[in-house]
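Only one structure is covered here, and it is reproduced in the block below.
The values are calculated or read from the model by the stated rules, or taken from the named source; none is laboratory data. Just so you know, these numbers come straight off a predicted model, no measurement behind them. Positions of Cβ are generated from backbone atoms using ideal geometry, with glycine treated the same way; all protein chains shown enter the neighbour counts. The area values use the complete protein model at the heavy-atom level, side chains included, leaving out ligands, DNA and RNA. Shrake-Rupley method; radii C 1.70, N 1.55, O 1.52, S 1.80 Å.
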Amino acid sequence: MFKRLPGDEARNLVSTTPDTAVVFRPAVIKTPAIFTIVILAWRMFAGLVRTIWRHPIAATIPVALGVTWYVYDWPMAASLLGTVILALASWAYIDRASFNRLIGYRLLAWWRLTWIYRRHWQPVLIVSGLGRHIRGRDYLPRLGKVTCTSWADQVTVRMLKGQPVKDWTDRTDHLAQGFGAASCRVTLTQAGHLTLTFPRSDPLSEPLPALSIPIEPTVGPVEIGTREDGRPWRLKVHGTHVLVAGATGAGKGSIIWSVIRSLLPAASVGLVELWALDPKLMELSYGRALFGTRYAATPEECADLLDEVVAVMQKRAARFAGLQRSHTPTVDDPFVLVVVDEVAFLTAYQSDRQLRQRISCALATLTTQGRAVGVGVLAALQDPRKEVMNIRNLFPDKIALRLDESEQVDMVLGDGARDRGALADRISPVPERGAGVGYVRLEASPEPIRVRAAYVSDTDIHAMVDAYTPYGSAA
Ligand SMILES: Nc1ncnc2c1ncn2[C@@H]1O[C@H](COP(=O)(O)OP(=O)(O)OP(=O)(O)O)[C@@H](O)[C@H]1O
Ligand SMILES: [Mg+2]
């Protein structure tokens with residue numbers, strides 16, 4: 001009745017010890033077929049109950065159709081099915097967002113769970129070395145829920161007991177290839193549980209036009225672009241210092257200009273002062289008029305301007321001493337933002353040693369003492385190595401745009417950032433696809449997120465100058 005199964009071979013196995021004639025034969029106990037059938041039937045029944053419990057709506061639909069067919073015959077069931085499909089299609093046509101949120105992404109998640117993740121789970125995990133094969137048995141991490149968002153699949157996983165997260169972060173490439181995604185990010189959600197994020201599409205592949213200038217004066221966090229999850233990317237500038245690292249053409253200018261753009265209303269009412277250092281003469285000079293006299297280009301001018309800011313900061317600190325420990329921008333004590341493009345030109349690549357030391361010393365003073373008195377530094381540079389920027393750790397917030405080498409990612413975003421998915425070295429060098437794209441760490445979480453800054457074109461900068469110069473020069 002039953003075909004021969006591999007288990008039947010056990011009785012033929014014979015093993016001996018190498019140097020004696022002791023022979024071992026396994027004791028074979030035959031299990032009556034009925035036991036196996038009962039166990040399989042029980043498993044099927046338990047699986048059915050579990051499916052109905054977990055997916056009541058999905059289970060109700062075939063049951064309702066079946067009952068209708070049985071009671072009213074098939075034409076009634078077919079018209080009921082047609083009505084349901086038509087209603088869903090109309091919903092999707094009229095309001096795609098709510099349809100996707102409530103139905104579309106759930107269906108997609110179910111499909112991708114069964115067709116991609118469950119189907120490939122065992123081979124991918126064994127080949128990547130995340131499963132274990134011990135004494136003939138496969139031990140696999142448990143695949144949990146799949147949730148779909150507009151751009152990615154999020155897969156929850158229960159790790160094997162005793163497995164380190166590093167095993168997973170080291171194998172993001174295997175996982176991405178195995179499940180047909182462009183990349184994979186690993187997030188530890190709770191002890192022993194991970195969420196793997198597999199992007200399905202790149203929502204940041206199109207350049208983003210400059211955002212509109214805020215109506216209300218604000219000192220931040222300022223909106224400067226979009227996050228990968230579709231939410232606005234807001235950058236804190238007041239109460240911190242920001243370092244932007246990116247290879248040439250990575251789009252550092254778009255971050256600098258987006259920040260300046262959103263601070264203009266506040267600058268026009270005197271709540272913000274913008275000081276600009278443009279040693280390369282290629283970036284901030286475009287909107288020079290916005291900064292009035294607070295603009296410097298030659299290294300000597302830059303050193304003088306920085307010394308001036310340090311003096312402002314120290315005077316303010318002396319006034320605040322013992323009275324207040326944090327800064328609220330007012331017209332008398334505005335938030336001072338020092339914007340430095342290509343900071344390495346002033347520090348590492350400056351041939352005049354004395355000037356170099358003066359500038360480095362002023363920058364270190366500002367970044368160590370400026371935060372609480374309302375002085376912030378926004379600096380951009382191409383090469384984040386310690387030899388080039390020895391004060392990079394004095395910047396609490398860092399942004400990694402496209403970088404040349406994978407090791408530079410951790411230098412900017414901190415240890416382990418690249419393992420957690422900040423692939424800044426893989427951002428496209430084609431400006432339309434990759435300029436302004438980068439990774440940041442948000443305050444609350446160690447996970448890097450992918451962002452794209454809005455592109456402030458030359459025309460936008462000229463328009464900003466036209467609209468705000470009268471106030472800028474008066475400030
Ligand atoms: N956010 C953006 N979106 C789309 N394209 C951008 C963006 N930012 C910059 N670009 C494009 O990339 C080019 C280079 O940008 P940018 O000058 O800002 O780079 P950079 O990082 O300052 O380079 P460098 O270090 O050489 O000054 C720009 O001319 C522009 O065409
Ligand atoms: Mg530049």
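For the chain, the longest principal axis of the alpha carbon atoms and the long axis of helix 299-320 meet at an angle near 80°.
When DSSP assigns beta bridges and you keep just the ones with both residues in the chain, what percent turn out antiparallel, to the nearest 5?
Details: 36 of 58 bridges.
Just about 60 percent of them are antiparallel.
Distance from the C-alpha centroid of the stretch 23-50 to that of the stretch 216-243: 60 Å, rounded to the whole angstrom. Applying 1/(1 + (r/R0)^6) with r as the Cβ-Cβ distance of residue 55 and residue 167 and R0 = 30 angstrom yields a FRET efficiency of 0.40.
Determine, from the Cβ-Cβ distance of residue 35 and residue 72 and an R0 of 41 Å, the FRET efficiency 1/(1 + (r/R0)^6), rounded to the nearest 0.05. Could the numbers behind the result be given before it?
Values: r = 42 Å, r/R0 = 1.04.
Here the calculated transfer efficiency is 0.45.
Taking the Cα centre of the stretch 203-315 as reference, the dipole from Cβ charges on Lys and Arg (+1) and Asp and Glu (-1) amounts to some 260 debye. Full extension of the segment from residue 24 to residue 236, taken as 0.36 nm per residue of separation minus the current Cα-Cα distance, would add 69.1 nm.
Classify the stretch 174-240 as rounded, prolate or oblate from the Cα gyration tensor: take a ≥ b ≥ c as the square roots of its eigenvalues, call it rounded if a/c is under 1.5, otherwise prolate when a/b beats b/c and oblate if not.
Values: a/c = 4.32, a/b = 1.79, b/c = 2.41.
In terms of gyration-tensor shape, oblate.
Between residue 459 and residue 332, the distance separating the two model label sites (each 7 Å from Cα on the Cα→Cβ line) works out to 4.5 nm. Label positions at residue 433 and residue 160, each projected 7 Å from the Cα along the C-beta direction, are separated by 3.7 nm.
Beyond 26 Å in Cα-Cα separation lie the following of the pairs 252/315; 166/398; 280/386; 145/166: 252/315. Taking other residues whose beta carbon is less than 13 angstrom from the beta carbon of residue 410, and scoring Lys, Arg as +1 and Asp, Glu as -1, yields +2. Taking Cα centre as origin and charging only the Cβ of basic (Lys, Arg, +1) and acidic (Asp, Glu, -1) residues, the dipole magnitude of the chain rounds to 2780 debye.
What does the charge count around residue 204 come to, taking other residues whose C-beta lies under 14 Å from its C-beta (Lys +1, Arg +1, Asp -1, Glu -1)? Show your work: numbers first, answer last.
Values: positive: 200, 227, 231, 402, 426, 433, 450, 452; negative: 202, 206, 228, 229, 432.
Around residue 204, the surrounding residues sum to +3.
Taking a Cβ cut-off of under 10 Å around residue 374, the surrounding Lys, Arg, Asp and Glu residues balance to a net charge of 0, with basic ones at +1 and acidic ones at -1. Using C-alpha pairs under 8 Å with a sequence gap of at least 6, the mean separation divided by the residue count of the chain gives a relative contact order of 15 percent.
For the chain, the solvent-accessible area of protein heavy atoms averages 56 Å² per residue (probe radius 1.4 Å; ligands and nucleic acids excluded).
With the simple spin-label model, which puts each label point 7 Å out from Cα in the Cβ direction, the residue 43 to residue 393 separation comes to 5.5 nm. The calculated FRET efficiency for residue 115 paired with residue 426, based on their beta-carbon distance and R0 = 22 Å, is about 0.20. For the stretch 446-470 and the stretch 287-340, write down the distance between their C-alpha centroids in whole Å. Result: 22 Å between the Cα centres.
Which of the trypsin sites (Lys or Arg not before Pro) found in the stretch 366-475 are in a DSSP loop and have at most 15 neighbouring Cβ atoms, other than their own, within 10 Å? Answer by residue number: 386. A straight Cα-to-Cα reach below 17 Å connects residue 30 with the lysines 3, residues fewer than 8 places away in its own chain not being considered.
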